[in-house]
Amino acid sequence: MKKVGIILVISFILIATSAAMYLNSLTQDNFIYPGISINGVDVSGLTVTQAKEVLQDRAKVGKVSFTHNEKKWNYDLKELGFEYDYDSSIDEAFKIGRSDNILENWITVLKLNNNKQINLELSRTDKYENFDEIFSKIKSEVDRQAVDADISINTAISITPEQDGYEVDIDKLKNLLITELKDKNEDIIIEVPVKVTQASVKREQLSSINGIIGEFTTTFNAKVAGRSTNIRLASSKVDSVLLMPGQEFSFNNATGKITLAAGYKNAPVIVKGELQEGVGGGVCQVSTTLYNSVLYAGLDVVQRRAHSIPSSYVSIGRDAAVAYGSLDFVFRNSHDYPVYIKAFVSGNKVTARIYGDTTKHKNKTLSSQVVEQIPRQVKYVNDPTLPLGKEVIDDPGRDGIKSVTYENVDGQTKVVSRDHYPAKTKVIKVGTGPAEAPAVNLNPEAINESVNTQNQENTIIDSIFGGR
């Protein structure tokens, strides 16, 4: 029994010694242990020098390319500051199975020799911030604003289709770059990610515009140059305007400030109930013409004011006064389809047309009438330059008027507006000066004598000065 115990001890010593010698043989060479790779590159069984040569050949910083459609941007990562730290990664690989105590090292080596795999990440200096300028360049060349569909109407209706826009997704592009550089060792190609921006106005929407739903024309004196110029200029400002459903139109915003610098001329304008010379006379005729076409088109009038004096070029109650900064004409497209405004001058006529979906439009008639006439007041003003008691009309004034405008659709009548054109006081000057001297009634003989005397005086003067 004792002999058996001795044999077992000797056997254990021999086995332990053999294992120690085997493990020692595994840990005493200058090669990286089996099963170790760096960035997926197998470096097991290689010396430090050999491992570096392999990594430099197979794990290069490389190049990166960004593509979008036909465009391509190429960059050398090394030039951008990207560098691999081969030495520190290889040193870390070599230390596996050598950096702990002898027992732990033996255990690690045994595991590696039994197909355990360890993949180390190759240490790299990253300069992602150097891509910020590159991304800005790519964005500037790729981004495209969406273009709305457009419509033009001359003799026919022409619609240009919309174009969707593109916008580079910078955050997504950065993440793609980081992921690709982390997972791959070779040159990489990245498709630039873009977000599509939709156009606001589509061709399909504009295709509902198929004809005229509102039209009105007024006449002016084409011989008045300043007024004619102003009407033409203001008409051009409100021409070719597209209004989508719910969109508002401001006449003043369209025309801009009415100034000589803007091309407007002096012409008669109404100011506080008086007709006087001013810049932009005639612009109100354009706003009035457009107002009536808006009524016929069935659009919602948001803001509108009548003049203080009835206009001669339109029925009473159907004018629209404008004055930049104080009075505006504003309306809204209340239809569920877009409308298109055309305004133009032909000869001595200015016309406003509104196009829309004629299949949904109901024709209407407009009428207006005076419902009340307010007599003008009379004011007497003393005037010392007139003979006592003499009366002279200084301002004839005018009666005030109240009117109502109606629209009729399918036999149904409703009020469009109630307007008040205020009366103007009649002014009469009354003389308070000296009374007129009574008329002297001379007899014919005395008159003839006076004339003959004057003729004699003229003859004498001619003879002295040689005539006049």
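Things to note:
- GLU104 meets all of the listed conditions (1) surrounded by 12 or more Cβ atoms within 10 Å (Cβ to Cβ); (2) modelled with pLDDT under 90 but one, namely (1).
- Segment 86-115: number of residues that are among the hydroxyl-bearing types (Ser, Thr, Tyr) and not in a helix (DSSP H, G or I): 1
- Only residues that are more than 30 Å from VAL61 (Cα to Cα), in contact with a Ser or Thr (Cβ under 9 Å, 6 or more places away or on another chain) and outside any helix (DSSP H, G or I) were counted across segment 160-208, and they come to 6.
- Among the residues of segment 48-69, not one is over 30 Å from ASP143 (Cα atoms) and touching an Asp or Glu at 6+ places or on another chain (Cβ under 6 Å).
- Among the residues of this structure, LYS342 counts as one that is in the same structural domain as ASN230 (by TED's automatic domain parsing) and surrounded by 13 or more Cβ atoms within 10 Å (Cβ to Cβ).
- For segment 337-352, a tally of residues being in a strand (DSSP E or B) and in contact with an Asp or Glu (Cβ under 8 Å, 6 or more places away or on another chain) returns 6.
- Residues in segment 153-167 that are in contact with a Phe, Trp or Tyr (Cβ under 9 Å, 6 or more places away or on another chain) and either surrounded by fewer than 16 Cβ atoms within 10 Å (Cβ to Cβ) or free of Cβ contacts under 8 Å to residues at least 40 places away in the same chain (or both): ILE157 only.
- Search result, residues across segment 123-172 that are under 17 Å from VAL192 (Cβ atoms), out of contact with any strand residue (DSSP E or B) (no Cβ under 7 Å at 6 or more places or on another chain) and of a type in the set (A, V, I, L, M, F, W, C): PHE131, PHE135, ILE170
- Conditions (1) without any contact (Cβ under 8 Å) to a residue 12 or more places away in the chain; (2) of a type outside the set (Asp, Glu); (3) not assigned by TED's automatic domain parsing to the domain that holds ASP42; number of the one not met by ASN175: (3)
- Evaluation of SER311 against (1) more than 20 Å from ASN253 (Cβ to Cβ); (2) touching a residue at least 40 places away in the same chain (Cβ under 8 Å) (one fails), failing number: (2)
- Of the residues making up segment 121-148, those that are assigned to a strand (DSSP E or B) and at pLDDT 90 or above number 2.
- Residue match in segment 266-284 (condition: modelled with pLDDT of 95 or more and in contact with a helix residue (DSSP H, G or I) (Cβ under 8 Å, 6 or more places away or on another chain)): yes
- Pairing each residue of segment 45-56 that is assigned to a loop (DSSP other than H, G, I, E, B) with any residue that is β-branched (Val, Ile, Thr) and modelled with pLDDT of 90 or more, provided the two are 6+ apart or on different chains, yields C-beta distances under 6 Å for LEU46/ILE32.
The values are calculated or read from the model by the stated rules, or taken from the named source; none is laboratory data. Just so it is clear, the structure is predicted and the values come from calculations on it, not from any experiment. Please note: Cβ atoms are built from the backbone with ideal geometry, for glycine as well, and neighbour counts cover all protein chains shown.
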